[in-house]
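Visitor: Can you read through this structure? Questions will come right after.
Read-outs: derived from the displayed coordinates by stated rules, not from any lab. If you're wondering where the values come from, they're calculated on a predicted model, not measured in any experiment. Heads up, the Cβs are rebuilt from the backbone with ideal geometry, glycines too, and the neighbour counts pull from every protein chain shown.
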Amino acid sequence: MTGFYTLFYKEILRFWKVSFQTVAAPVLTSLLYLLVFAHVLDAHVEPYPGVRYTAFLIPGLAMMTLLQNAFANTSSSLIQSKITGNIVYILLPPLSHLEFFSAYVLAAMLRGLMVGTGVFIAALYFAIPSFAYPLWILAFALIGSATMAMLGIIAGIWAEKFDQLAAFQNFLIMPLTFLSGVFYSVHSLPAFWQQVSHANPVFYIIDGFRYGFFGVSDASPWLSLGVTGSCAVVLAAGTLRLLASGYKLRH
Amino acid sequence: MTIAIRFAGISKQYGTFQALNDVSFNVAEGDFFALLGPNGAGKTTLISILGGLTHASCGEVTVMGHDVQRDYRQARRAVGIVPQELVFDPFFTVRETLQFQSGYFGLRSNDDWIDEILANLGLSEKADTNMRALSGGMKRRVMVAQALVHRPPVIVLDEPTAGVDVALRQTLWAFIRRLNTDGHTIVLTTHYLEEAEELCNRIAMLKQGRLIALEEKHQLMNRGRSRSLLLKLSSDTLPESLQGKLIGRTDDGYLELKLPDCSALEQILATLGNAGISVRDIQISKPDLEDIFLEMMQTPAPSLS
């Protein structure tokens, strides 16, 4: 347990030592989104009956920031360690792949949850959403952060250069999170794009998360839980397999 | 004699490149062992396999009886490796680095031993300095410290003194020698052959992925070229009977003669005296590890394994 605990703590300290960049900056960016979109759209759009656009936007923004930061934590930690070479100091000790996996994933989840909570608290200044089902909120926050943390491990192991990691982030993670209904209810989209959105797992994370706040959503929360839960299980199995095989880590 | 490290039939293939070819040898407990060879001979690959950083294409490695693949937890606890590349984590101080490294090995409160290592490597004053702020030599010391946090019975140093000043080299070797005296097994790769000659009791040589020598140091040293005698004489021509012993002439006017053993010296001097040639200066040169190394690397020797 000491091995796992140490690695977990190191991963937390790694982002905490630069928390201005890893925690404060993403919170500020989200608030800028909120400021601009809410100001422009609040008077014109009512996504659900009785739900103001600003209130609607807050959970989505908090979740998007949470997801992006969970991904950033594992992926940037791994690529930095690989490029500077100090990954050997994680590979030489008797750490099992399960310890490696849990330490990286949990630390990234923590960063995601911290940033998400930060966005949420700061956003309360603009509007106060309701809290219909707190357990759904918690469930999707945990599943969402874990999913992205695992994707971050895969990307961090696969990428050999910062350039490749940036491609993964900009061409996969960003479109998935941006086109997941953060800024709109997918019901307002044309039928075709509604279909496309339903093929995006991140849509279910945001939608289920939002259900926890407002008690209304585009899809059933149980469907969202099923889809996101299965994705998380498949990713966990895949990531553990990669780590156990030593893919791109041990030659 | 207990075996500390056993390499059995290790081969490693990278695509079409054969980095290691059926390498087998043992390192005994308590040895101060040198692993020598030119760049690209496979030394670092062999050490990476030992540390579990690289998987061998075939063959088996055990450390203190534990297989590095099947029994990796015990095997990794038994060995501390100082990697060749200068690597560090720029986020942390020296002490944090060493505390984390202890934790990865399952050690919770290790500060007494960490302090002792820091003192022995002249790092005490830098304990709370960020790794980024250290000079190259200081970073190298921290890497040595990182390999020692879990008090491994086997310590492997992959060119630990490359780019390191004389003062540190001496501090480092004094400390490593002490660890060896205390019973730790030391494996060393180095480009400074005089270090291997001075410190090690056994020597293995690798060439193009094959083991070409594995001997006690003194045996290896005796295997090299015989001694030679350098003479500056009053005359430029040698007596007829000594012509056969002449190897060459140096730029500064010495004649170099073969000297198979010391008893031949008397005979040579007597012959010179009888011929009325006086000796102005005399030197006897002994082959060092470097000569032997170069000789072995130049001649195509049959593989030992």
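Visitor: Along the charge dipole of region A:2-245, pointing to its positive end and built from +1/-1 on Cβ of Lys, Arg, Asp and Glu, which listed residue (A:PRO26, A:THR177, A:ILE153) has its Cα farthest out?
Guide: So the residue furthest toward the plus end is A:ILE153.
Visitor: Can you give the mean number of other chain Cβ atoms that lie within 10 Å of the Cβ atoms in peptide B:72-79?
Guide: Values: counts 3, 5, 1, 1, 5, 2, 1, 1.
Mean partner shielding for this stretch: 2.
Visitor: Return a whole-number percent for the relative contact order of region B:173-305, with Cα pairs under 8 Å and 6 or more residues apart as the contact set. Before the final figure, lay out the partial values.
Guide: Numbers: 154 pairs, mean separation 38.9, N = 133.
The normalised contact order for region B:173-305 reaches 29 percent.
Visitor: If you don't mind, there's one more thing I want to ask. Neighbour counts of other C-beta atoms within 10 Å: give me B:VAL164, A:VAL196 arranged from fewest to most. Mind showing how you got there, number by number?
Guide: Working: B:VAL164 18, A:VAL196 14.
By the 10 Å Cβ count, ascending, the order reads A:VAL196, B:VAL164.
Visitor: Just want to confirm a number: the relative contact order over region B:3-222, from Cα pairs under 8 angstrom separated by 6+ residues, in percent. Let's see the in-between values first.
Guide: Numbers: 419 pairs, mean separation 63.3, N = 220.
Averaging sequence separation for qualifying contacts and normalising by length gives 29 percent for region B:3-222.
Visitor: Let me ask something else about it. Which value in Å does the Kirkwood hydrodynamic radius of region B:41-92 take, with 1/r averaged over all unlike C-alpha pairs and then inverted?
Guide: Working: mean 1/r = 0.0833 Å⁻¹.
About 12.0 Å, per the Kirkwood formula over Cα pairs.
Visitor: Next up: Given the options B:PRO153, B:GLY276, B:VAL166, identify the residue whose Cα lies farthest towards the positive end of the charge dipole of chain B (+1 on Cβ of Lys, Arg; -1 on Cβ of Asp, Glu).
Guide: B:PRO153
Visitor: Continuing with the same structure: Which lysines, if any, have their Cα less than 18 Å from the Cα of B:LYS43, not counting same-chain residues under 8 positions apart?
Guide: Excluding near neighbours in sequence, the set is B:LYS12, B:LYS207.
Visitor: Right, next: Ranking A:MET148, B:MET205 by Cβ neighbours within 10 Å, fewest first, what do you get?
Guide: Going from least to most buried by this count: B:MET205, A:MET148.
Visitor: Could you tell me the relative contact order of chain A? Use alpha-carbon pairs under 8 Å, at least six residues apart, and round to a whole percent.
Guide: On the way: 343 pairs, mean separation 65.4, N = 251.
Result for chain A is 26 percent.
Visitor: Can you give me the Rg/Rh ratio for region A:2-245, using Cα atoms for both radii and the Kirkwood formula for Rh? Write out the running numbers ahead of the final one.
Guide: Working: Rg = 18.1 Å, Rh = 18.3 Å.
For region A:2-245, the value is 0.98.
Visitor: Separate question: Ordered by residue, what ³J(HN,Hα) values in Hz, to whole numbers, does region A:94-108 give under the Karplus form 6.51 cos²θ - 1.76 cosθ + 1.60, where θ = phi - 60° and Gly and Pro are x?
Guide: Values, residue by residue: x, 8, 7, 5, 5, 5, 4, 4, 5, 5, 5, 5, 5, 5, 5 Hz.
Visitor: Anyone know which of B:THR189, B:THR271, B:THR129 comes out most mobile in the 10 Å Cα GNM of chain B?
Guide: Checking each option, the largest mean-square fluctuation is seen for B:THR271.
Visitor: Separate question: Can you pull the three principal axis extents for the Cα set of the protein assembly as shown, in Å, largest first?
Guide: Each principal axis gives a Cα extent; for the protein assembly as shown these are 123, 47, 44 Å.
Visitor: Moving to a separate point now. Counting partner chain Cβ atoms within 10 Å of every residue's Cβ in B:100-113, what's the average? Display every interim value, and only then the final one.
Guide: Values: counts 8, 6, 3, 11, 15, 7, 9, 3, 4, 0, 0, 0, 0, 0.
If you average over the peptide's residues, the count of other-chain Cβ atoms is 5.
Visitor: Provide, as a two-decimal number, the C-alpha radius of gyration of region B:222-264 over 2.2 N^0.38 Å, N being how many residues it has.
Guide: Values: Rg = 10.9 Å, N = 43, 2.2 N^0.38 = 9.2 Å.
My calculation over the Cα atoms of region B:222-264 gives 1.19.
Visitor: Okay, moving on. What does the structure give for B:252-258 when I average, per residue, the other chain Cβ atoms found within 10 Å of the residue Cβ?
Guide: Details: counts 0, 0, 0, 0, 0, 0, 0.
Whole-number average of other-chain Cβ neighbours for B:252-258 is 0.
Visitor: What number do you get for chain B when its Cα radius of gyration is normalised by 2.2 N^0.38 Å, N = residues?
Guide: Details: Rg = 24.0 Å, N = 305, 2.2 N^0.38 = 19.3 Å.
In units of the globular-protein estimate, chain B measures up at 1.24.
Visitor: Quick one: Cα centre-to-centre distance for region A:1-74 and region A:205-237, in angstrom?
Guide: Here the answer is 18 Å between Cα centres.
Visitor: Antiparallel as a % of all DSSP beta bridges within the protein assembly as shown, to the nearest 5? Could the numbers behind the result be given before it?
Guide: Details: 37 of 54 bridges.
Counting DSSP beta bridges with both partners in the protein assembly as shown, the antiparallel share is about 70 percent.
Visitor: For B:ASP67, A:ASP207, which order do you get if you count the other beta carbons within 10 Å of each Cβ and list the fewest first? Kindly include the intermediate steps, with their values, before the conclusion.
Guide: Details: B:ASP67 14, A:ASP207 28.
Ordered by Cβ neighbours within 10 Å, fewest first: B:ASP67, A:ASP207.
Visitor: Using a Gaussian network model on chain A with a 10 Å cutoff between Cα atoms, which of A:VAL51, A:VAL23, A:VAL119 fluctuates the most?
Guide: So, out of A:VAL51, A:VAL23, A:VAL119, the one fluctuating most is A:VAL51.
Visitor: Whose amide H sits under 5 Å from the amide H of B:LEU36, counting only residues 5 or more places off or on another chain, with H placed in the peptide plane?
Guide: Residues meeting the criterion, in which the H sits 1.01 Å from N, are B:ALA204, B:MET205, B:LEU206.
Visitor: Given a 10 angstrom Cα cut-off, can you work out which residue in A:SER30, A:SER145, A:SER130 is the most mobile in a GNM of chain A?
Guide: With Cα springs under 10 Å in chain A, the top fluctuation among A:SER30, A:SER145, A:SER130 is at A:SER130.
Visitor: May I ask for the angle, rounded to the nearest 10°, between helix A:53-84 and the longest principal axis of chain A, with both axes built from Cα atoms and the value confined to 0 to 90°?
Guide: It works out to around 10 degrees.
Visitor: For the protein assembly as shown, with only Lys/Arg (+1) and Asp/Glu (-1) charged at the beta-carbon, what is the dipole magnitude about the Cα centre, in debye rounded to 20? Don't jump to the answer; show the numbers that get you there.
Guide: On the way: 42 positive and 45 negative charges, 192 e Å.
Its charge dipole is roughly 920 debye.
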